[in-house]
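Engineer: First the structure, which I've put down as structure tokens, then a few questions once you've had a look.
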Amino acid sequence: MAFENFIDQGKTTSATKWRRVTYMFSLGLHAALLIVGAVYSFWHVEELSPPSVSVTFLAGAPPPPPPPPPPKRKKSETKIVKPTEIVQPKPNQIVQPKEKPPEPEEEDDGVEGGVEGGVAGGTVGGEVGSTGNGPVMLPPNIGTGQRITEMRAGDPLTPSLPPQLNRAGMTLWGLFKVCVSAQGTVSGVTVMKPADPLVDNDWIAKIKQWKYKPYTVSGRPVPFCSPVRLQVTATN
């Protein structure tokens, strides 16, 4: 048994030795191949030619030349015009006529039986303010004060609006000349400013029925006329 172990030990040592030789040879061979490859690669390096790049510049057409400057205008010579002297013709001397002294007016002692303050050509015995046999013209406030008939809403003698004009906010007015006799009755009505064709005739008919106090001058009743302004506003 001891001899057999010796034989096996010899075999193992020999195998290990050859194995080491094989490894060393393999390593050496690979190292030699790597060195040869590296040297070969350095010797056979191909030079790469750089790519040729061509650059083409494109330029547009040059701009047209600027127009020539306008010719300079010559300064206009200002001529100084001397004003010509205008000789005013001398007017002929005008001789003013001599004024004659006013002749003294003859004093008019009036007409026997006349009234102081009357007018020439008036009626003897007439009243001041009267126009002969015609009525006296009274202002509106005095004429209204002579009226007896009162203006009351709904009264048949009070001017009103017809149904078609009696709209809310609607107002009509007219101006009339009312003449009253010496007895206080209305003798005539004249339209000075019409209100509306639908109401003018109705308002005149109502005015003719009004009653007035007689207007007296020096205690004597005389006829008179007075302007009357009527204004009516719709009730609904």
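Engineer: Does THR149 satisfy being in a loop (DSSP other than H, G, I, E, B), of a type outside the set (Gly, Ala, Ser) and at pLDDT below 55?
Structural biologist: Criteria not met by THR149.
Engineer: Next question, about the same structure. Residue check: is LYS206 farther than 14 Å from PRO227 by Cα and either crowded, with 16+ Cβ neighbours inside 10 Å or in contact with an Asp or Glu (Cβ under 7 Å, 6 or more places away or on another chain) (or both)?
Structural biologist: Yes; evaluated as a whole, the condition is true for this residue.
Engineer: Looking at the range 174-181, is at least one residue out of contact with any Leu (no Cβ under 9 Å at 6 or more places or on another chain), loosely packed, with under 15 Cβ neighbours inside 10 Å and either basic (Lys, Arg) or within 19 Å of GLN209 (Cα to Cα) (or both)?
Structural biologist: Looking through the range 174-181, none of the residues is out of contact with any Leu (no Cβ under 9 Å at 6 or more places or on another chain), loosely packed, with under 15 Cβ neighbours inside 10 Å and either basic (Lys, Arg) or within 19 Å of GLN209 (Cα to Cα) (or both).
Engineer: Still on this structure, please answer the following. Does the range 206-225 hold any residues that are of a type outside the set (D, E, K, R) and assigned to a loop (DSSP other than H, G, I, E, B), and which are they?
Structural biologist: Answer for the range 206-225, where residues must be of a type outside the set (D, E, K, R) and assigned to a loop (DSSP other than H, G, I, E, B): GLN209, TRP210, PRO214, SER218, GLY219, PRO223.
Engineer: Looking only at residues in the range 177-202 that are within 43 Å of the chain's Cα centre (by Cα) and in contact (Cβ under 8 Å) with a residue 24 or more places away in the chain, which one is nearest to VAL222 (Cα to Cα)?
Structural biologist: Per the criteria, the residue is MET192.
Engineer: Considering the range 143-176 alone, what residues qualify as being closer than 30 Å to PRO221 by Cα and in contact with a strand residue (DSSP E or B) (Cβ under 8 Å, 6 or more places away or on another chain)?
Structural biologist: Selection gives GLY143, THR144, GLN146, ARG147, ILE148, THR149, PRO159, GLY174, LEU175, PHE176.
Engineer: Under the condition of being hydrophobic (A, V, I, L, M, F, W, C) and not in a strand (DSSP E or B), which residue from the range 166-197 is nearest to VAL228 (Cα to Cα)?
Structural biologist: So the residue we want is ALA195.
The values are calculated or read from the model by the stated rules, or taken from the named source; none is laboratory data. From a predicted model like this one, the values you see are computed outputs, not experimental measurements. Note that each Cβ is placed from the backbone with ideal geometry, even for glycine, and that neighbours are counted across all protein chains shown.
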